[in-house]
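For reference, the structure is listed below as structure tokens.
The values are calculated or read from the model by the stated rules, or taken from the named source; none is laboratory data. Not measured: the values here are computed from a predicted model. Cβ coordinates were reconstructed from backbone atoms using ideal geometry, including for glycine residues, and neighbour counts include every protein chain displayed. Note: accessible area is taken over every heavy atom of the protein model, side chains too, but ligands, DNA and RNA are not part of it. Shrake-Rupley method; radii C 1.70, N 1.55, O 1.52, S 1.80 Å.
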Amino acid sequence: MSVIKYKVNHNPITYNHRTRMYEVGRRVFQSYQDAKASQWQCDKCKNAFASFKELRVHKNKAHAY
Ligand SMILES: [Zn+2]
């Protein structure tokens with residue numbers, strides 16, 4: 001079985017003390033939970049997922065390659 005190498009975008013969560021918001025890449029969230037749910041971003045359609053597993057399932061379903 002061949003391994004398909006996915007190009008993934010993992011964005012670390014940073015807390016901005018000045019704005020009191022969580023930042024993931026260029027996006028800003030009020031709660032850590034929301035930020036966490038958008039850590040993994042699909043490079044094809046820009047949908048965001050909470051885990052690599054979800055992203056991988058999404059890619060298989062939505063982009064099937
Ligand atoms: Zn996608």
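Carbon and sulfur: what percent of the chain's accessible surface (1.4 Å probe)? Walk me through the numbers on the way to the answer.
Working: 2530 of 5090 Å².
So the carbon and sulfur contribution to the accessible surface is 50 percent.
Keeping all protein chains in the complex and leaving out DNA, RNA and ligands, what accessible area do you get for D34 with a 1.4 Å probe, in Å² to the nearest 10?
Estimated to the nearest 10 Å², D34 gives 80 Å².
Averaged per residue, what accessible area in Å² does the stretch 8-63 show with a 1.4 Å probe, protein chains only? If you can, show how the numbers build up before the last one.
Numbers: 3980 Å² over 56 residues.
Accessible area per residue: 71 Å².
Test of understanding: what is the full-extension gain from R27 to H10, defined as 0.36 nm times their sequence separation minus their Cα-Cα distance? Can you show the working numbers first?
Details: separation 17, 0.36 × 17 = 6.12 nm, distance 1.30 nm.
Full extension of this stretch gives 4.8 nm more.
Amide H of Q39: which non-local residues (sequence gap of 5 or more, or other chain) have their own amide H closer than 5 Å, using H built in the peptide plane?
For Q39, whose amide H was placed from the backbone, the distant partners under 5 Å are F49.
DSSP loop trypsin sites (Lys or Arg not before Pro) in the stretch 22-65 with at most 13 other Cβ atoms within 10 Å of their Cβ, which ones? Mind showing how you got there, number by number?
On the way: sites: R26, R27, K36, K44, K46, K53, R56, K59, K61; in loops: R26, K44, K46.
Qualifying residues, ordered by number: R26, K44, K46.
To the nearest 20 debye, what charge dipole does the chain have about its Cα centre, counting +1 at the Cβ of each Lys and Arg and -1 at the Cβ of each Asp and Glu?
Details: 13 positive and 4 negative charges, 30 e Å.
I would put it at about 140 debye.
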